1. When all alpha-carbon pairs of the protein assembly as shown are counted, what percent fall beyond 29 Å?
2. Per DSSP helix of 4 or more residues, -39500 (n - 2.57); summed, then divided by the residues of the protein assembly as shown. What does that give at 222 nm, rounded to the nearest 500?
3. Between B:LEU20 and B:ALA58, what is the label-point separation in nm under the 7 Å Cα-to-beta-carbon projection?
4. Restricting to Cα pairs below 8 Å that are 6+ residues apart, what does the relative contact order work out to for segment B:1-106? Please round to a whole percent.
5. Calculate the FRET efficiency for B:GLU103 and B:LEU74 from the Cβ-Cβ distance with a Förster distance of 41 Å, rounded to the nearest 0.05.
6. If one computes the Cα centroid of segment A:1-31 and of segment B:16-77, what distance in Å separates the two points?
7. In vacuum, with every alpha carbon of segment B:40-132 counted as one equal point scatterer, what does the Debye formula give for log10 I(q)/I(0) at q = 0.11 Å⁻¹? Two decimals, please.
8. Rounded to whole Hz and in sequence order, give me ³J(HN,Hα) for segment B:54-64 from the Karplus expression 6.51 cos²θ - 1.76 cosθ + 1.60, θ = phi - 60°, writing x for Gly and Pro.
Amino acid sequence: MNNRIKEFRARFKLTQDELAKKVNVRRETIVFLEKNKYNPSLKLAHDIAVVFSSKIEEIFIFD
Amino acid sequence: MKRAIIVFIVAALVLVSVGLWISSSSEAFKTFDVLSLVVIILVVGFALYIGFRRLTSAKRGEPAEDEMSKKVLLRTAAWSYYVSLYLWVAILFIKDRVTLDTEELIGAGILGMALSWVICWLILNFRGVRNE
């Protein structure tokens, strides 16, 4: 599973730290997500989608 | 924060115990003792690293644990459990072939378990956890 978190983050002018605080996770988790080294839970994917006012499938691309 | 303090207290207790062991031993250290000491220091160093990580997270206003760190811990426990099983089988196999007594072998087993946990955590923490 790939994702476009980095792209969305740049569009919304958010740092990794700010996004981490908004979705209540550690900054490392955002780093791992952006590197595709971690697949988030449905809740975290939903929270990230809410922050970016988008649908989950727009941010997370299922192969 | 609370857990970080507990980690520091446990690390301090281990260090005090090691200090007492070193000061009370009248004989010169054998290779096994030196090896045990190195492993203990490695594990305590790792515990201190985890404690400081938790403290800095708390200062930054981040949660000390989140879903990824919990998943890493869970998988670390599973991996190190498998490694420990093989470790104890290996110890049972070599127990008649080495000069170490039972206490030393049990000590080596426990230290090996701690070391395997640290190594598994490091691998998973830097490699990441994917749903393969």
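1. For the protein assembly as shown, the share of Cα pairs beyond 29 Å comes to 41 percent.
2. Working: 9 runs with 143 residues, N = 195.
Taking each H run of at least 4 residues, the total per residue is -24500 deg cm²/dmol.
3. About 2.7 nm, to one decimal.
4. 33
5. On the way: r = 32 Å, r/R0 = 0.79.
The value I calculate is 0.80.
6. Using only Cα atoms, the two centres lie 31 Å from each other.
7. -0.42
8. After applying 6.51 cos²θ - 1.76 cosθ + 1.60, I find 5, 5, 5, 4, 5, 5, 7, x, 8, x, 5 Hz.
Laboratory data are not the source of any read-out in this text; all were calculated from the coordinates shown. None of these values were measured; they are calculated from a predicted model. Positions of Cβ are generated from backbone atoms using ideal geometry, with glycine treated the same way; all protein chains shown enter the neighbour counts.
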